[in-house]
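What follows is a single structure, written as structure tokens, with notes after it.
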């Protein structure tokens, strides 16, 4: 809706604004002006215009020009909310006064004031003027980011966790070992450890750090000389639970073929800082550690 406080203003609407004439006297101080036609005048915003008088020869009467700002209403032929510009004296309007829309000194000043809200005087954009709410979703693509444009100090750690920044992976005991019954997989050879998931080698557990909310667990164990089966179990211990209170959350079972078996277990868990995750292998046979590994990774 148009307002006389608009700083960015239009002049025309569909065609050039006609030069209007006053059809009813306006007393000094009145904020409404009646004219014969406002064809082509803009109604979307306030409009800058000028009024002046001409003599019988059609020449502008010296000192009669006034610069104005107001809101056009084509339906009524009125310009309302009149605001006299540039400190001139309002001496009213007479029938026959000419009303002409167009750029005035005040129009230029309003436009400059609006631009200077966001721009420096040399036309460059002011610092910190663009906020998150002004950027359309999905408008920033990989191609629009210059090489090396994203540095570590610009990355929100919580966001990085959801993109898989935190990860820890380890091979099991590479010396191979005989396993009888149900035991926690031995995390003996670290493959990678990055971010806020760490490996507790003494307890053979993955420890969850700050800002990690969801993790993906993938464990693959290979064994030989099996007498029965190879059974994998993912365990989850909340930070406030006693050591023996683990929750078994994902299972995978494999039957041996000529004494060999390889089993992969996969799961997704919601976690909190200080939670612990481990994988049990239940079998009677030789675990091949160099072919077995467990990975815990943060995901969205």
>> Given R₀ = 51 Å, what would the calculated FRET efficiency be for residue 146 paired with residue 62, taking r from the Cβ atoms and rounding to 0.05?
In response: 0.30
> Among 236, 251, 48, which comes first, then next, by fewest other beta-carbon atoms within 10 Å?
Replying inline: 251, 236, 48
> For segment 159-298, what is one quarter of the convex hull surface built on the Cα atoms, given in nm²?
Replying inline: 7.5
> Any idea what angle helix 105-115 forms with the longest principal axis of the chain, computed on alpha-carbon atoms, 0 to 90 degrees, nearest 10?
Replying inline: 0
> Quick one: if the Förster radius is 30 Å, what FRET efficiency do residue 112 and residue 90 give, using the C-beta to C-beta distance and rounding to 0.05?
Replying inline: 0.75
>> Counting other beta carbons within 10 Å of each residue's own, what order do 145, 98 fall into, fewest first?
In response: 145, 98
>> Can you give the Rg/Rh ratio of the chain, where Rg is from the C-alpha atoms and Rh is the Kirkwood radius?
In response: 1.48
> What is the extension gain from residue 194 to residue 264, computed as 0.36 nm multiplied by their sequence separation minus the C-alpha to C-alpha distance, in nm to one decimal?
Replying inline: 22.9 nm
> In 10 Å bins starting at 0, how do the alpha-carbon pair distances of segment 231-300 split up by percent?
Replying inline: 16, 47, 27, 9, 0
> Would you list 224, 131 from fewest to most Cβ contacts within 10 Å?
Replying inline: 131, 224
>> Starting from 0.36 nm per residue, how many nanometres of slack lie between residue 129 and residue 44 once their C-alpha separation is accounted for?
In response: 28.0 nm
>> Given a 10 angstrom Cα cut-off, can you work out which residue in 287, 234, 60 is the most mobile in a GNM of the chain?
In response: 60
>> Would segment 20-115 count as rounded, prolate or oblate if I go by the C-alpha gyration tensor, calling it rounded below 1.5 in a/c and otherwise prolate when a/b exceeds b/c, oblate otherwise?
In response: oblate
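Values in this text are rule-based calculations from the coordinates and carry no lab data. Since we're looking at a predicted model, the values are computed, not measured. No Cβ is skipped: glycine too gets one built from the backbone with ideal geometry, and neighbour counts run over all protein chains shown.
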